[in-house]
Amino acid sequence: MNFDHQETKLDFVKHRKKFFLFSATLLTLGIILLSTIGLNLGIDFSSGTTIDVLADETVTEQEVIDEFVSIGLTPDDVILAGDNNDVGRASFIGVLGQQDVLEAQRHFEDVYGNTPTVSSVTPIVGEELARNALISVLIATVGIIIYVSIRFEFWYGVAAIIALFHDALFILAFFSIIQMEINIPFIAAVLTIIGYSINDTIVTFDRIRENMKLEKRVKDFEDVARVVNKSLVQTLARSINTVLTVVFAAGALLIFGGEGIRTFSLALVVGLVAGTYSSLFIAAQLWLVFKSRQLKRAKFKSKQLQESEV
């Protein structure tokens, strides 16, 4: 069939060690970066105050900064929002005192005619948000490995979870490099990517399982490798087309969505690419290694049993 002809051209299994080496290098670099540079945690996960300055006309970042400096406050970051850049969001590391907040509200009400919106996150709240975010990811991970193990088998679940950790660490390493602020929408993006990646992985595993059933006999590594490679070839076009469709949508959000969702959009784009890569070249290849070892152990036990009966 046509798939058999394609397999002669596309041999993913043959290059599995290169995929593993590439991912291991990236993950090692990611761990080093996270342990040295770290992440640029926003006030959602640390502590601080944000003041949304509302204007009736377009404002600039420098204009907002100058107005704050005039009352003795220096923002750590200012981003513009709104359809006409008529909202300036100023972020302050550390919680501002009540007097500073009241003075800022009075000042900007006099300047722009609107009372700024103020929100503060204390260190305790920040720690709680970070802890809840981690718990959310862990619960999703445990749920996935249970689901995959029940629907398929245990080794499918192990391979899927390793691939998911690969994706998550890749995104964290990327954001550690660019030092973009990590906030609540970032966690939403990570959870979205986990869902997308596991869906892509399950489609690949489902095709592997179907092709395994069609094999008359699977007894060694070569047999399993042939099935895995054929399954990857069969799902390759579907995976690429699907991720391109979603990446185009996420890319549009990144370009036109505004500063408020830029972190979410960028994490989504990076994670979608990493998730597709891991589904095809990490999860399936890992399952191949696990399954071939399982067959090897079963063959060895069978041989020992036969020798003991003689």
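The values are calculated or read from the model by the stated rules, or taken from the named source; none is laboratory data. The shown structure was predicted, so the numbers you read here are calculated from the model rather than taken from an experiment. So basically every Cβ, Gly included, is an ideal-geometry build from the backbone, and we count neighbours across all protein chains shown.
Some notes on this structure:
- Of all residues in the stretch 186-199 being over 16 Å from Ala249 (Cβ atoms) and buried (at least 18 other Cβ atoms within 10 Å of the Cβ), the one that is nearest to the chain's Cα centre (by Cα): Val190
- Of the residues in the stretch 139-160, at least one is assigned by TED's automatic domain parsing to the domain that holds Phe264, on the phi < 0 side of the Ramachandran plot and outside any helix (DSSP H, G or I).
- Restricting the stretch 12-27 to residues that are surrounded by fewer than 17 Cβ atoms within 10 Å (Cβ to Cβ) and modelled with pLDDT of 85 or more leaves a set whose member that is farthest from Thr115 (Cα to Cα) is Lys17.
- For the stretch 82-121, taking the residues that are within 10 Å of Val53 (Cβ to Cβ) and among the aliphatic types (A, V, I, L, M), the one that is modelled with the highest pLDDT is identified as Ala104.
- Checklist (1) out of contact with any Leu (no Cβ under 9 Å at 6 or more places or on another chain); (2) in a helix (DSSP H, G or I); (3) at pLDDT below 85 applied to Gly30, failing item: (1)
- Selection status of Arg217, in the same structural domain as Gly30 (by TED's automatic domain parsing), surrounded by fewer than 20 Cβ atoms within 10 Å (Cβ to Cβ), out of contact with any Lys or Arg (no Cβ under 9 Å at 6 or more places or on another chain) and at pLDDT 85 or above: no
- Options Lys291, Lys230, Lys296: the member that is in the same structural domain as Val190 (by TED's automatic domain parsing) and at pLDDT below 80: Lys296
- The number of residues in the stretch 33-67 being closer than 30 Å to Ala104 by Cα, in a helix (DSSP H, G or I) and in contact with a helix residue (DSSP H, G or I) (Cβ under 7 Å, 6 or more places away or on another chain) comes to 1.
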